[in-house]
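Have a look at the structure below, then the notes.
Coordinate-derived values only; no laboratory data. Everything quoted here is computed from the prediction, not taken from an experiment. Glycine gets a Cβ as well: all are built from the backbone with ideal geometry, and neighbour counts include every protein chain shown.
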Amino acid sequence: MKYIIVTGFEPFLGEEINPSLEVLKLLPDTINGYKIIKKGLPVIFNKCFNEIPELINEYNPKYIIHIGQAGGRSKITPERVAINIDDTCSVDNENKTYTDVIIKQDGEKAYFSSIPIKKIVERLKQKSIPASISNSAGTYVCNNLLYNSLYYIDKNSLDIKAGFIHIPFTNEQVVNKGNIASMNLSDIKIGIETILEVITSE
Ligand code: PCA
């Protein structure tokens, strides 16, 4: 059996849901002959990565795709890069903030994601799902998770491709907010399924 690990995050900063966790529940169990291993992760710097090495050992996956909420973005945005820094005024789910903290002292300044981000954006647009490449995953927990994954893959010379997909708020999340972008969860689901198809058919 071939495996792809797909992760989402728990809600954070007062939100009742996290669309990345909601979309995980809607994904099929297999795609293109790959079994999808779905995992919800805590929005906590570095601890978000704690269970990933075990999953890698257990399943020897070909791909690891992380998904997270980027509230305010209007499109599905595959991230190009993760940078070696934690820096945020917003607390994580352990109530901690970080200022200019290097994630890995012996790590590169940045790692590029290893999934085909341009092909993904093209295919999503063909399906009329708004999408664009993002050149920054920020300096909060999502960047931290992608950095940790790419660092681990690099240091252990693993044959795993990894990437991060940021998704907008769902419509439900913005009904009581001001003028802020959102997307239907069903479109987000089509988007993520399409992305997994593109990745696994390379
Ligand atoms: N989004 C946050 C962390 C968890 C999530 O879903 C981020 O973009 O860093």
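Around residue 38, with a cut-off of 11 angstrom between Cβ atoms, what is the net charge of the other residues, counting Lys and Arg +1 and Asp and Glu -1?
+2
If we count other beta carbons within 10 Å of each Cβ, what is the order of 121, 91, fewest first?
91, 121
Pull out the extension gain between residue 201 and residue 1, defined as 0.36 nm times the separation in residues minus the alpha carbon to alpha carbon distance; nm, one decimal.
70.4 nm
Roughly speaking, what is the centre-to-centre gap between the stretch 78-109 and the stretch 115-170 when only Cα atoms are used, to the nearest Å?
After rounding, the separation between the Cα centres reads 16 Å.
Go through the stretch 63-145 and name the trypsin sites (Lys or Arg not before Pro) that are in a DSSP coil and have 16 or fewer other Cβ atoms within 10 Å of their Cβ.
Taking the stretch 63-145 and a limit of 16 other Cβ atoms within 10 Å, the loop trypsin sites (Lys or Arg not before Pro) found are 96, 104, 109, 127.
Express in % the proportion of alpha carbon pairs of the stretch 68-202 at distances exceeding 21 Å.
Value for the stretch 68-202 (Cα pairs over 21 Å): 47 percent.
Listing 48, 89 from the residue with the fewest other Cβ atoms within 10 Å to the one with the most, what is the order?
Fewest-to-most Cβ neighbours within 10 Å comes out as 89, 48.
Mind giving me the FRET efficiency for residue 171 and residue 38? R0 is 22 Å, r the Cβ-Cβ distance, nearest 0.05 is fine.
That pair, residue 171 with residue 38, gives E of 0.45.
Given the pairs 38/118; 38/155; 62/189; 96/189, which span a C-alpha to C-alpha distance of over 29 angstrom in this model?
Cα-Cα > 29 Å for 96/189; rest within.
Between residue 100 and residue 135, what's the calculated FRET efficiency when r is the beta-carbon distance and R0 is 25 Å? Round to 0.05.
The pair residue 100/residue 135 has a calculated efficiency of 0.80.
Just the number, please: percent antiparallel of the DSSP beta bridges in the chain, rounded to the nearest 5.
The answer is about 30 percent antiparallel.
Along Cα→Cβ, 7 Å out, is where each label goes; now give me the distance between the ones at residue 122 and residue 25 in nm to one decimal.
If labels sit at residue 122 and residue 25, their model points lie 3.6 nm apart.
Please sort by residue number the GluC sites (Glu not before Pro) in the stretch 1-58 whose DSSP state is loop and whose Cβ has at most 10 other Cβ atoms within 10 Å.
16
From the residues 42, 134, 52, which one has its Cα farthest along the dipole of the chain in the positive direction, the dipole being from +1 and -1 charges on Cβ of Lys/Arg and Asp/Glu about the Cα centre?
Sorting the options by dipole projection puts first 134.
When the dipole is taken about the Cα centre of the stretch 92-199, and only Lys, Arg (+1) and Asp, Glu (-1) are charged at their Cβ, what size is it in debye, to the nearest 20?
300 debye
Using alpha-carbon pairs under 8 Å, 6+ residues apart, how would you state the relative contact order of the chain in percent?
Reported relative contact order: 29 percent.
If you put +1 on each Lys and Arg Cβ and -1 on each Asp and Glu Cβ, how big is the dipole of the chain around its Cα centre, in Debye rounded to 20?
Here the chain has a charge dipole of around 640 debye.
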